[in-house]
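For reference, the structure is listed below as structure tokens.
No value in this document is a laboratory result; all are computed from the given coordinates. Nothing here was measured: the structure is a model prediction, and the numbers come from that model. Neighbour counts run over all protein chains shown; Cβ positions are idealised from the backbone, glycine included.
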Amino acid sequence: MSSTIPEYWDVPTADAPREARPIGWCLLLPAVLASLVVPTRLGPRIARTSFTKIALVHVAGLALALAGLLLVTGTGSLAVLRDTFQGPLTLSEKLRLPFVAATEWLYEMSQVPGALLPLLFGVVAIPATFFVLAALSTPILAAGERTRSALARATKLVFWSVMHGVLAIAVIELTRRLWWTDIAECLGSTPGDLPEIVACLLALLYWRQALMRLGARYGGPPLGPGWTPRRPLCNGCGYVLTGLSPEGRCPECGLEIARSLPEARALPDWAQAQWPWQRAAAYVRAAWTILRRPQSFFPQLAVQRGREEALRFADWTCWLVGGWAVLNAGAAFVVERVSEHYQSTPGEIVLVLAVFLLAARLAAWVGWAALNLLACMLTRRGLRPITVTTCYALPAFFLLPVLVAAGGWGIAATYALHWEEYIWRLPGLAGKWGEILFNFLFISPAVFAVAWSLRRYARALRATQYAAA
Ligand SMILES: [Zn+2]
């Protein structure tokens, strides 16, 4: 090693991409089917394909989903379609069927008084939802490219992934028709809305997973912060360290220069753990350090690499939040059994717990993705280091689900003990506002938890701001 700090670090941050070819018109249909089976393989090629082709696949997917729903639910009935085409259908008519079905359905809906507004809302809301999903996924999927090209790539993948949604709907409908009653019988409950909610949550989870796999590999040109040489900066203040001795201190803030070198940062134990039990132990160790001594974790964390491991860490955290929700919902069933208030069937309990597990897990994921996006927008740094930092900073937010649950239990307990009646007996406005204030008393710790966690998160971002590795 040279005796002075060089002008640029030559430590690579993003992997060298293998350039992928765009998908041609002839291969579009096979590519749609292949992307359902091997999304990781097709992802880089989809990201290189033109927006026109992506839009075509997306519209076809939406039409397929809509037509499937219409045929299954019977709305916009087949009779209307037969009237439209008169007699047996030719192949070209069959191919146009989904689009005709969609138009017919839209026409019928526009005739229903008061349905136009929700319809218009749906027309705006569906593409808007896809764009929001693309924006949320951009920092997570970014490989090292510029923000704009990362957004374009995420948008293409999200709009293409509607095909995975179609597949999920088809599977749900098939199981509903074939085995729903058997599943319900097996669980000892009547087939109400709960199995459908569980199925929809599972479908959303599958969709998210498919999207992550589509974006796992990058096949574009090596342009962007991930492939640009980085200047050696002081970890404490961002001072350019070029030409200084590695043994010295930063002339600006006095921090030892050794702590700003790439060797000062490493992947956490978690990234090296191979087996599930090793991972579990490494997870607990990492989460404990992040909660108790973040100042000894983030300044030594390598954020320019190890994205896969970091995302897995975030995934574990989201499942943990789901598990916590299950624990609380399960406790509510125990209370119900003890108080003999109302007896749920085992099937209902299983389904409700599944709803809690999946919904809390998804909510945690959306929360962390939104936080990550916000940090990327506010700080304007490379997307990848921020995503890695956010993944590891998540345990700092553990206080939130704990205090939300405690608040919920507090409210439930006061109602069970009929304490709220004392407030109602208060005269005038005091009685009216009393209940709101009373509930706020239990919710306010959650507000405190958000502020506390955000502060810690901001500190973690600051500690990795000038990371050399
Ligand atoms: Zn400094």
### Task
Subtracting the Cα-Cα distance from 0.36 nm times the residue separation, let me have the gained length for A363 to Y107 in nm, one decimal.
88.6 nm
### Task
Take each uninterrupted DSSP H stretch in the chain, measure its Cα extent along the helix axis, and return the ones at 18 Å or beyond whose mean Kyte-Doolittle hydropathy is at least -0.5.
51-73, 91-111, 116-141, 147-160, 162-187, 194-214, 276-292, 307-339, 346-379, 399-416, 428-463
### Ranked packing of 274-286, 110-122, most packed first, by mean Cβ within 10 Å
274-286, 110-122
### Sequence-distant residues sharing a close amide H with L233 (under 5 Å, placed H)
L241
### Summary
If amide H atoms are modeled at 1.01 Å from N in the peptide plane, then the residues at a separation of 5 or more from R249, or on another chain, having amide H under 5 Å from its own are I257
#### Entry: Förster radius 45 Å - calculated FRET efficiency between A370 and D182 (Cβ-Cβ, nearest 0.05)
0.70
### Query
Can you put E7, E309 in order, fewest other beta carbons within 10 Å first?
E7, E309
### Task
Towards the positive end of the charge dipole of segment 265-463, with charges on Cβ (+1 Lys, Arg; -1 Asp, Glu), say which of A416, A266, F442 has the farthest Cα.
A266
### Task
Tell me what the chain gives for mean residue ellipticity at 222 nm when only DSSP H runs of n ≥ 4 count, each as -39,500 (n - 2.57), the sum divided by the residue total, rounded to 500 deg cm²/dmol.
-23000 deg cm²/dmol
### Task
Please get the size of the charge dipole for the chain, origin at its Cα centre, with Cβ charges of +1 on Lys and Arg and -1 on Asp and Glu, quoted in debye to the nearest 20.
1700 debye
### Query
For the peptides 393-405, 219-231, what is the packing order when you average, over each peptide's residues, the other Cβ atoms within 10 Å and list the highest mean first?
393-405, 219-231
### Message
Output wanted: per-residue J couplings in Hz (rounded whole) for segment 295-306, from phi through Karplus 6.51 cos²θ - 1.76 cosθ + 1.60, θ = phi - 60°, x for Gly and Pro.
### Response
5, 9, 9, 5, x, 10, 8, 7, 10, 7, 9, x
### Task
Report, largest value first, the span of the C-alpha coordinates of the chain along each principal axis, in whole Å.
85, 73, 47
